[in-house]
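In what follows, a single structure is set out as structure tokens and then discussed.
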Amino acid sequence: MITKVRSHITQNEPPLFERSSPGKKGYQLPVLDVPPVDAVAALGAANVRPEIDGFPEVSEVEVIRHFTRLSTWNYAIDLGMYPLGSCTMKYNPRVNELVARLDGLAWAHPYQPETLAQGAMEIMARLEAALAEITGMDAVTLQPAAGAHGELTGILLIRALLEKRGNPRRKILVPDSAHGTNPATAATAGYAVENIPSNERGMVDVAGLERIVDKDVAALMVTNPNTLGVFEENIKSIAEILHKKGALLYMDGANMNALVGIAKPGDFGVDVMHLNLHKTFSTPHGGGGPGGGPVAVKKIFEPFLPLPRLKHARNKWSFDYKRPRSIGRVRAFYGNFGVMVRALAYILAHGGNGLRNATVDAVLNANYLRKKLEPHYDLPYKAPNMHEVVFSDERQAKRGVRTGDIAKRLIDYGFHPYTVSFPLIVHGALMIEPTETESKLELDLFVEAMTSIAGEIDTDPELVRTAPHSTRTSRVDEVTAARRPILRWKPGETASKAAD
Amino acid sequence: MLAACGLASAEDLFSHLPDDVRLKQPLALAPGISEYEIVDYFRARAAENANGYASFLGAGVYAHYRPVLVDAVVSRGEFLTSYTPYQAEISQGTLATIFEFQTMICQLTGMDVANASMYDGSTALPEAALMAARVTGRRRILVARTVHPEYREVLRTYARYEHMPIEELAYVPESGGVNLEQIESTLDDQTAAVVIQSPNFFGIVEQVEAAAELAHRRGALLVVLFTEAVSLGLLRPPAEADIVAGELQSFAIPPSYGGPFAGIIATKERFIRQIPGRLVGETRDSRGHRAFCLTLATREQHIRREKATSNICTNQALIALMATVFMSVYGKQGLRELAEQNLAKAHYLSSQVTPRFTGPFFNEFVASSNGRSPVEINHALLKKKIIGGLPLKQWYPELENGMLLCATEMTRREQMDEVGRAFQAVERVA
């Protein structure tokens, strides 16, 4: 039975271009207080464009209706649980939005004099210090714009240190359970990637690792807890093996929501790591960004951090650009400052104890789901889990229903699906991360939905295979989209003859 | 819940962690504070920054008016608190807005395809250079010195380990535009791309068509970069380019001390499989209705892993949405009028000072100070609650008297007169 939702009417809405007609407008500019300038005279006829062909011409009310209608076609955390594993879809506090929009912060220009940017620099410094404390690392750069950007920064730092030691080395090791960004990053930083298999408990195989770490290995990129939600219990031995051979330990901090206040990567041998402010520190995902990917390092990497660095002297903040061993810039200006503001607001709201409580609740929620769903779904790895739990569709696949189908059926029950088919080491994975912000009431509804779907698969697998049934858009033909790509609107050209 | 999990206490959740990795003392962070105190803290920090100043800073970050509809739309929880639209059936809102975004970027730039956004302009540039290297099978990149200096620094960071040699092209000292003769003499059969910015860092409109012809003659691509998107309301689109990379901050994205912004990469149809980042395509659902989904994912890291076109995962969807709402509000006529106002203001400002270069400019230009240094002029202006232009000496030692000044539709005539007086006062002293 579906108790969480019932259907409601949504408005049809075509692409804005189909609402356009010549002369409609939704703006008003002030009267010019200087003489107008003839564009052709100022720029030269060859430099002036004709009108922007196809650009929208709509009224103000049409704009707000257009985007409001489109918004109702989305699922969101504000509507309910969003248990995407490894994405940490927790509540995004609205006060964070308010403070990021304060004039003195939102309108600060990156080149305004440092004397008139002390508040912004103080915010950055305080966030750096808080993240260093949380991770147990010595220094933090806030410049990277997202997790993968942080990974690249981190691997470039490792490369810079090894180069200084005389040999940048050739290879980066990546467990087969890793996020796709890890191998892609290593390749971008000029390293060969060697994938290493996990052991039967889903962890890095320590004996195997010891055999392959040699003088060619620059680093191991490990996610801890890993993508199964399992803490790498041999993490200290792993670090020792690497360090003994002059290699380094990089940690992907995507799953830091399981560790804040419980354990510090700096204490278990991690040399360089990134954090995702849009995961652990509650900044909104916004439909796929913006993010923030700070990198935390041990002291030895400090000289190599991206330019510029914050410096405090005589009670004033300034930027230090004279750092000859820096890897350079990874982004213009200082990073996604607006995201930093939100993350610091989250940290200030929680304080040390509050952050730890959030971790405890996140891990408790995931364990509660594991316990409740284990009777219905196959749990391939039995090691204790932290903030997320990964099932497989093994039982359901026997009836021809796959993880992707179960995910789509979950939509009918009013939930966003879990992460489908990842990590790759679990065949037909259902990767579930509830986060700490879900109440027992919401979790119980999720359990009810998952249990009910398991029952449907026994009695009516076709119902699940053809889901979702209640959405305004039914299953989307992704094959045709890739085969005959239509990547922009053109008059009279549409993949569909039917109404929107 | 603990009981349901068979646990006696919350601590038992962590009993499997090795004892020597478990934290023994609390985090050394201040206790949590209330919502009121949070607002209070950030208000105090905001008050320590510039407040109530007029500003003539541009240089990649521009002060344009933000229509109120922009925040009304991006504050909707359905956009703000959703994830990357992997589950198309319940993400049609985000997907449809990205499809519109891609379309509008194509219309603006004269390109066939645009991606769903990059982190910002400065990271879009190296991604464009890497793309050019993949397309041509060559590695050498020629980049104009009139490309934003910080963007060039980011390009160098990325290029270093991709074994892409970067060489810089001088500007013509009179016009402030890239030296076309040097492009011609420096291009060779190893060159993957020529990179120019238009309007360039000095605000000068570059000769895109001529640069394209030179690049293409040697089999290289032309990458055209922009940092001032409003200029595209008036300037001929860089349609001769092979790749356009840019920054959309001007489209209702707050300066926010340098980010978050949104970058773009747009290109020609034939290079579609080499474009980095997310793409949204139109298709249909099983009932035949128009629908959208992420597509051509076989270029991306979650499928291709180390063979992906880029390691990018998160992009800037919400920020791109700001730009999309902005473009919708202004539309065809409004963006042009807005650009014309910028042109008029900047040209008025230039009439109050001595421009350094002769090339055509849009809404920023280099002014030469005579006598006191740009830093000293700025110091005098600060006393009148005006933040002056950007002194260029740090990046261009030969322009030690140069100051980059920007005027937008928000700049008022009396403020520009004040800047003019500051420059003239200096000249009198000299």
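Laboratory data are not the source of any read-out in this text; all were calculated from the coordinates shown. This one's a predicted model, so the numbers in the text were calculated from it and none came from an experiment. Here Cβ is always computed from backbone atoms with ideal geometry, including for glycine, and neighbour counts include all displayed protein chains.
D for the protein assembly as shown, whole µm²/s, Stokes-Einstein with Kirkwood Rh over alpha-carbon pairs at 10 °C and 1.306 mPa s: what number? Mind dumping the intermediate values first?
Values: Rh = 28.3 Å.
Estimated via Stokes-Einstein, D reaches 56 µm²/s.
Residues whose amide H lies under 5 Å from that of B:F361, counting only those 5 or more places away or on a different chain, are B:V205; hydrogens are built 1.01 Å from N in the peptide plane. Counting only Cβ charges, +1 for Lys and Arg and -1 for Asp and Glu, the dipole size of the protein assembly as shown around its Cα centre is about 820 debye. Put simply, the C-alpha atoms of chain B give a gyration tensor, and the ellipsoid matching it has half-axes of 39, 31, 23 Å, longest first.
Given R₀ = 22 Å, FRET efficiency for B:N370-B:R421 by Cβ-Cβ distance, to 0.05? Kindly include the intermediate steps, with their values, before the conclusion.
Values: r = 14 Å, r/R0 = 0.65.
Computed FRET efficiency for B:N370 and B:R421 comes out at 0.95.
Within chain A, DSSP assigns beta bridges of which about 55% are antiparallel (rounded to the nearest 5). Neighbour counts of C-beta atoms inside 10 Å place B:E414, A:E394, B:E153 in the sequence B:E414, A:E394, B:E153, starting with the fewest.
Filter the GluC sites (Glu not before Pro) in the stretch A:143-209 to those in DSSP coil with at most 12 other Cβ atoms within 10 Å of their Cβ, and list the result.
Numbers: sites: A:E151, A:E163, A:E194, A:E200; in loops: A:E200.
Answer in residue order: A:E200.
Amide H contacts of B:T408 (H built 1.01 Å from N, in plane; Pro and chain starts excluded): no residue 5 or more places away or on another chain comes under 5 Å.
At R0 = 35 Å, how high is the FRET efficiency between B:K384 and B:V68 if r is their beta carbon distance? Nearest 0.05 is fine. With R0 = 35 Å, the Cβ-Cβ based efficiency is 0.70. Once the chain from A:D103 to A:T72 is taken as fully extended at 0.36 nm per residue, the excess over their C-alpha distance is 8.2 nm.
Can you tally the net charge around B:V21? Count Lys and Arg as +1, Asp and Glu as -1, for every other residue whose Cβ sits under 9 Å from the Cβ of B:V21.
Values: positive: A:K236, A:K264, B:R22; negative: A:E233, A:D267, B:D19, B:D20.
Once positives and negatives cancel, what remains is -1.
Counting other beta carbons within 10 Å of each Cβ, put A:I327, B:I253 in order, fewest first. Don't jump to the answer; show the numbers that get you there.
Values: A:I327 24, B:I253 29.
Neighbour counts put them in this order, fewest first: A:I327, B:I253.
The label-point distance for A:R6 and A:L29, in a model that sets each label 7 Å from Cα toward Cβ, rounds to 5.2 nm. Considering every alpha-carbon pair of the stretch A:95-348, the percent of pairs per 5 Å bin, from zero through the bin containing the longest distance, is 1, 6, 14, 18, 19, 16, 11, 7, 4, 2, 1, 0. Taking only Cα atoms, what is the 0 to 90° angle, nearest 10, from helix B:92-109's long axis to the longest principal axis of chain B? Around 20 degrees separate the two axes. Once the Cα atoms of helix B:149-160 and of chain B are each reduced to a long axis, what angle between those two axes, in degrees from 0 to 90 to the nearest 10, is obtained? Taking Cα atoms only, the helix is inclined about 50 degrees.
Pairing the Cα long axis of helix B:121-136 with the longest principal axis of chain B, what angle in degrees results, from 0 to 90 and rounded to the nearest 10? The angle comes out at about 90 degrees. If you look at the Cα atoms of the stretch A:361-480, you get an Rg and a Dmax of 13.9, 43 Å. 3J(HN,Hα) couplings calculated from phi for the stretch A:100-106 with the Karplus curve 6.51 cos²θ - 1.76 cosθ + 1.60 (θ = phi - 60°) are, in sequence order, 5, 9, 4, 3, x, 9, 5 Hz; Gly and Pro show x. Karplus-based coupling profile of the stretch A:41-52, in residue order and whole Hz: 5, 7, 10, x, 4, 5, 9, 9, 8, x, 4, 7, with θ = phi - 60° in 6.51 cos²θ - 1.76 cosθ + 1.60 and x standing for Gly or Pro. Among B:L80, B:L338, B:L225, the largest mean-square fluctuation in a Gaussian network model of chain B, built with springs joining Cα atoms closer than 10 Å, belongs to B:L80.
Under a Gaussian network description of chain B, with springs only between Cα atoms under 10 Å, the residue in B:A245, B:A46, B:A291 that fluctuates furthest is B:A46. A simple spin-label model places the labels of B:E181 and A:H427 7.0 nm from each other, with each point 7 Å out along Cα-to-Cβ. Which lysines have a Cα less than 19 Å from the Cα of A:K215, not counting those fewer than 8 places away in the same chain? Partners within reach: A:K164, A:K171, A:K244, A:K245.
Go ahead and run the numbers for FRET between B:T358 and B:K393, Cβ-Cβ distance against an R0 of 22 Å, rounding to 0.05. All intermediate terms of the calculation are to be shown ahead of the outcome.
Numbers: r = 21 Å, r/R0 = 0.96.
According to the calculation, E is roughly 0.55.
Once you have the Cα-Cα distance between B:R218 and B:D112, take 0.36 nm times their residue separation minus that, and quote the gain in nm to one decimal.
Values: separation 106, 0.36 × 106 = 38.16 nm, distance 2.31 nm.
This chain segment gains 35.9 nm when fully extended.
Using amide H atoms built 1.01 Å from N in the peptide plane, name the residues 5+ places from B:R138, or on other chains, whose amide H lies under 5 Å from its own. Answer set, sorted by chain and number: none. Ranking of B:T109, B:T309 by neighbouring Cβ atoms within 10 Å, starting from the fewest: B:T309, B:T109. Largest mean-square fluctuation among B:G233, B:G77, B:G93, in a Gaussian network model of chain B whose springs join Cα atoms under 10 Å apart, belongs to B:G77. For the stretch B:238-303, the set of trypsin sites (Lys or Arg not before Pro) satisfying both a DSSP loop assignment and a count of at most 14 other C-beta atoms within 10 Å is given as B:R287.
Here the Karplus curve 6.51 cos²θ - 1.76 cosθ + 1.60, taken at θ = phi - 60°, turns the phi angles of the stretch A:395-409 into couplings of 5, 6, 4, 4, 9, x, 10, 10, 3, x, 6, 4, 4, 5, 5 Hz, with x standing for Gly and Pro.
Considering the options B:A323, A:V363, B:I265, tell which one lies farthest towards the positive end of the dipole of the protein assembly as shown, charges being +1 on Lys and Arg and -1 on Asp and Glu at the Cβ, about the Cα centre. Of the options given, the answer is B:I265. Under the simplified labelling scheme, the A:A397-A:N195 pair shows an inter-label distance of 1.6 nm, with each label point 7 Å from Cα along Cα→Cβ. Other residues with beta-carbon under 13 Å from the beta-carbon of B:E414 carry, at +1 per Lys or Arg and -1 per Asp or Glu, a net charge of +3.
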